[in-house]
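The structure under discussion appears below in the form of C-alpha cells.
The values are calculated or read from the model by the stated rules, or taken from the named source; none is laboratory data. All values reported here derive from a predicted model rather than from experimental measurement. As a convention, Cβ positions derive from the backbone with ideal geometry for all residues, glycine included, and neighbour counts pool all protein chains shown. These accessible areas exclude ligands, DNA and RNA; they are computed on the full protein's heavy atoms, side chains included. Shrake-Rupley method; radii C 1.70, N 1.55, O 1.52, S 1.80 Å.
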Amino acid sequence: MARTAVLGLPRIGPDRELKFALESFWAGRTTVEELEGVARWLRAFNWGRAVRAGLDVIPAGDFSYYDQMLDTAWALGAIPARHGGVALREQGLAGYFALARGTAEQRPLEMTKWFDTNYHYLVPELVPDQTFSLDASHWVVPFREAGALGIPARPVVIGPFTFLKLAKGLQRPLELLDALVPVYGQLLAELAEAGAHEVQLDEPALVLDHAPGELELFERAFRALSVAAQEAGVELTLATYFAGLDEVGALERVLALGAAEVHLDLVRAPSQLKPALAALADGGAAAGSRTRLSLGVLDGRNVWAADLDAALDMVDRATAALGTDRITIAPSCSLLHVPYEAARETAIDPEVRDWLAFAAEKVSELRTLKTATGAVKRDVLLAAARESTSRRRTSKHTNDAAVRERVGALAAADYDRAAPFPQRRAAQDERRPLPQLPTTTIGSFPQTPEIRARRRELRDGTLDRVAYERFLEQQIDGVVEVQERLGLDVLVHGEPERNDMVEYFGEQLAGFAFSASGWVQSYGSRCVKPPILYGDVSRPAPMTVRWWQYAQSRTEKPVKGMLTGPVTILQWSFVRDDQPRSETATQIALAIQDEVLDLERAGAFAIQVDEAALREGLPLQRAQQDDYVRWAVDAFRLTVAPARNETQVHTHMCYSEFNDIMEHIVRLDADVISIEASRSDMEVLDAFVGADGIEYPNEIGPGVYDIHSPRVPSVQEIERLLELAEQRIGRERLWINPDCGLKTRSWDDVMPALEHLLEATRRRRAASPIAA
Ligand code: GLN
Ligand code: ZN
C-alpha cells in the first residue's frame, strides 16, 4: 500500500498562538514554562489533526521556537564566539533567543530569505577552526512527546550539506562536511535510541546550481551517513524541494546513493518523474537499493486545491513502475509555507473558498489520493474535487472576457514608451525644470500610532469613512507642508492611507480575496497574510488618484504618484496556478496601467511604480532565470508604456545587488530609478557604471539615508556619500533620496535626517561638480 507523508506542518498556530506566546515571553509577561506549554500544545494540535486525517508519516522536530536553521546551529553547537560559543546553550531558550534577536551587547545572527520563499532563516556563522558538539534535544524531546501520544513520528532534520551551504563565514564551507558527519551520525544514533525508525534529512540545497566538486562532497558525506544510519538501525529519507534535481545534473546521482527514500518536488519539477522511475525501476541504474520514491505532487507553496486527476496520473505512473510499497504521496515541500485551514475562511466567497486548500485540506487530499490509488471505482472518490476543478476552470471570476480580450490584443509596441530616454528627458525638463541634484523621497512618511489607531477605528466601525478621510487629508497637509519647508523638489503624499503596499492595491482590484486567518510565518513571531489572487485582474475604479489630487492641490511643487508594480503584487500574493505567472503579471500590469493613465490625466508630472520584489522573484536555478526576468521586465514596461514623454516615470527597488541583473534593469527603462545604497557606501553604483560592461543610461537616485536604522546620518556623512556617488556617475543624472520609504521610522528620526540630506545637497550644489 502506498503511504502518505508531509515534510513539515505550519507551526505559528491556527490563531498565531506562537506569535503571541513569544511576544509576551519576550516582554517578560509570561514564564518560560508557559511558553513551553504553548509549544507543546501546538505540536499536539498538529499531530492530533494529522492522525485524525489518516496521515501515515507524521513529522516531529519541524516545530521551532524561531527558525529551523537556528535550531540546527544550536543543536550542532555552531554558535558564534561573540555570543559565548557553545556555552550559550547552558542559558536555554534565553540564549537561543539572544542569537535570534540580539542582546544589548551583541547583534543577532543575520537573516535572509529561505530559498525563493518569503520565509527568512537565521544565517549560521562559521569560523575556520569550527568545531561541533551535539545537543539532540530539539528532535528527541518532541519525538518522545509524540511517542507518548502513541505516534511513531519521523524526525525532520536539516542535512549537513544544506546547513553548510547556507552558512556564512567560510570560503569553502563544504570542507566541514567531514567534521559534521560524525555529529549527524551521533544524532541518528540518539534518535534510534529514542525509538525512531526513520529520519527525514532535508537537503533542499541540492537543487541549487552546483560548483564543480560539490556534489562529490555531498555524495561522500551521504554515504558515510548511510553507514551510520544502518549501524543505528534507522532509515534515511533524503528530501529535496523547491526545484528539480534534474536541472542541475543531480537526479540520477542522488537516486544512486541508496537512501531508503528520496523525496522529489514534482510540482515545481514534474520532469523529474520519468527519469527517476527509469532509474529506480527494475533494470534501472539505481534499482538495486529498493529506494522508495516520495512523490511531492501537492503544491506546498500555494493555497489551491489540487487537480487530483493530474496528481493521480503521476502516482499511477510511479506505482506501475515501482509498486505501491515503494511509493509515498506527499506535498512538494513542508506545509510551513501555507496557512492552517481554508474551511475557516467563511468570509471568502464560497465559490472561491471551494478552490482553496491550506494545510488541513492538503492533508485530506493526500488521503483521497491514497484511497484512490487502490480503488476500483475512483470516480466516486474524485467526484467532488473534479466538480470543483471544473467550476474553477469555467467560472466568470477566472474568465473575464474583457480582460482576456485586452491581453490578447497586445502587440510588441505596447511595451515601449513613445520616445527613447534622451527625448523624454528633454520633454520632461521643458515641462518641469528641476534643479541639479533633485531631491525626493521614496513615498511613505512615518506611519504613526495615531494613523494606525484611526485605521483600526475605521475597521471597527467606531470612525466613519468621512471622518477617516478627513483625517487622512490632514495627514497629507502635514506631510506636504513639511516637505515644502525642508525644500524637497519632488514631493509625495506620504501614503497614510496604506498599511501595506500590496494589500492596498489588492483590495481595490478585481480578482483578489483576503483571508481572515491565512497567516504564514515570515520569521520568528512575524507573519504575513498574503492576498489570494484567484481570478482575472482588472481595476474597477481609480485607486490612488483622489489622494494624489488632494496632495497636489496643496502645493506648486510636483507630487509623485505612487503605485506598486505588477511583479511585486504577484510576488507577495498567493497566485492562481491555473495559468502561467507571466500571464497573471500581464493582467496586473494592465490594471496598474489604467491607474498610471488616470494619474497622468489628473496632471501628475512624476509617477513612481515600485518593484521592491523584482529581484526576489528570480528562480533558484540559472537555467530558469532568463525567462523570468524577460516577462517580469515586460510587465513593468507594459505598466508605464503609454505614459507620455513629458511624464516622468520613476521606479524603486529596495536592495543593492544588481550585478547579475543589470541588463534587465536597463531594459526597465524607467526615467529615474531609486535604489538602496547607503550601507554599501555607494558601491552598488559600480554595477550602474559599467563594472560588468553595462552602462545604466537613465537617471539614478542612490539612497543616502539608511532607513532601516533609527540612526540619523550627519550632514558630513551624507555629503561624503554624495561625493562618492558623483565620482561614479557624475552630477547630471544623479538624484538625492533616502534608501526606501520612511513608514517604519518616527518623525523624531526622519526630520533631522531629511534636514541633513537637504543641507548636504545644498553644499554639493554650491561645490564644483566632480567629473565621473
Ligand atoms: N513607496 C513605498 C514606500 O515608500 C516603497 C516601499 C518599498 O519599496 N518597500 O514605503
Ligand atoms: Zn524600498
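When all protein chains stay in place and ligands, DNA and RNA are ignored, the 1.4 Å accessible-area order of 317, 711, 29, largest first, is 29, 711, 317. Loop-only GluC sites (Glu not before Pro) in region 673-754, please: DSSP not H, G, I, E or B, and at most 14 other Cβ atoms within 10 Å. Within region 673-754, the qualifying GluC sites (Glu not before Pro) (loop, at most 14 other Cβ atoms within 10 Å) are 683, 732. In the chain, the DSSP-assigned H stretches of four residues or longer account for a calculated mean residue ellipticity at 222 nm of -13000 deg cm²/dmol, using -39500 (n - 2.57) per stretch and the full residue count as denominator.
Under a 1.4 angstrom probe, counting protein chains only, how are 313, 246 ranked by accessible area, largest first?
Reading off the accessible areas and sorting them downward yields 313, 246.
Note on region 648-743: with charges restricted to the Cβ of Lys and Arg (+1) and Asp and Glu (-1), its dipole about the Cα centre is near 340 debye.
With R₀ set to 30 Å, the beta-carbon distance separating residue 474 from residue 748 gives a calculated FRET efficiency near 0.90.
Protein heavy-atom accessible surface, 1.4 Å probe, per residue over region 477-551: 30 Å². Projecting the Cα atoms of 628, 605, 571 onto the charge dipole of region 515-668, computed from C-beta unit charges around the Cα centre, puts 605 farthest toward the positive end.
The residue list 446, 229, 398 was ranked by how far each Cα lies along the charge dipole of the chain toward its positive end, using unit charges on Cβ atoms, and 398 comes out on top. Panel values: region 519-670, Kirkwood radius from alpha carbon pairs, Stokes-Einstein at 37 °C and 0.692 mPa s, translational diffusion coefficient 199 µm²/s. Here the gap between residue 149 and residue 727, fully extended at 0.36 nm per residue and compared with their Cα-Cα distance, gives a gain of 201.4 nm.
Stretching residue 175 away from residue 231 to a fully extended chain increases their span by 17.7 nm, per 0.36 nm per residue minus the current alpha-carbon distance.
If you keep only loop residues by DSSP, which chymotrypsin sites (Phe, Trp or Tyr not before Pro) in region 503-606 have at most 16 other Cβ atoms within 10 Å of their Cβ?
514
Spacing of the modelled spin labels on residue 310 and residue 528, each 7 Å from Cα toward Cβ, amounts to 2.4 nm. Working from label points 7 Å from Cα in the Cα-to-Cβ sense, the residue 500 to residue 41 distance is 2.5 nm.
Neighbours of residue 525 by Cβ distance under 10 Å: Lys/Arg scored +1, Asp/Glu scored -1, total +3. The 1.4 Å probe gives accessible areas that order 263, 708, largest first, as 708, 263. Stretching residue 197 away from residue 453 to a fully extended chain increases their span by 86.8 nm, per 0.36 nm per residue minus the current alpha-carbon distance.
Within region 8-75, none of the GluC sites (Glu not before Pro) combine a DSSP coil assignment with at most 11 other C-beta atoms in a 10 angstrom radius.
Among the listed pairs 165/370; 19/362; 168/370; 113/362; 19/396, those whose Cα-Cα separation exceeds 30 Å are 165/370; 168/370; 19/396. If R0 is taken as 41 Å, the Cβ-Cβ distance between residue 91 and residue 349 corresponds to a FRET efficiency of 0.25.
Of all DSSP-defined beta bridges confined to region 106-265, some 20% are antiparallel rather than parallel. Share of carbon and sulfur in the accessible area of region 474-546 stands at 46%, probe radius 1.4 Å. Rounded to the nearest 0.05, the FRET efficiency derived from the C-beta distance between residue 579 and residue 625 at R0 = 30 Å is 0.90.
In percent, what relative contact order does the chain have, based on Cα pairs under 8 Å that are 6 or more apart in sequence?
Relative contact order comes out at 11 percent.
For region 146-295, the relative contact order works out to 20 percent when only alpha carbon pairs closer than 8 Å and six or more residues apart are counted. Percent of Cα pairs in the chain per distance bin of 20 Å, from zero to the largest separation: 15, 46, 33, 6, 0.
Would you work out which of 549, 54, 685 lies farthest towards the positive end of the dipole of the chain? Charges go on Cβ: Lys and Arg +1, Asp and Glu -1. The Cα lying farthest towards the positive end belongs to 54. Only protein heavy atoms count here; under a 1.4 Å probe, residue 41 has an accessible surface of about 120 Å². Given +1 at the Cβ of Lys and Arg, -1 at the Cβ of Asp and Glu and no other charges, the dipole of the chain around its Cα centre is 1100 debye to the nearest 20.
Rounded to the nearest whole Å², what accessible area per residue is found for region 39-138 with the 1.4 Å probe?
Spelled out: the 1.4 Å probe surface of region 39-138, per residue, equals 39 Å².
Using all pairs of distinct alpha-carbon atoms, the Kirkwood hydrodynamic radius of region 698-747 works out to 11.6 angstrom. Rounded to the nearest 5, the antiparallel percentage of DSSP beta bridges internal to the chain is 15%. For region 719-772, the dipole from Cβ point charges (+1 on Lys and Arg, -1 on Asp and Glu) about the Cα centre works out to 220 debye, to the nearest 20. Dividing the mean sequence gap of close Cα pairs (under 8 Å, 6+ apart) by how many residues region 282-351 holds gives a relative contact order of 43 percent.
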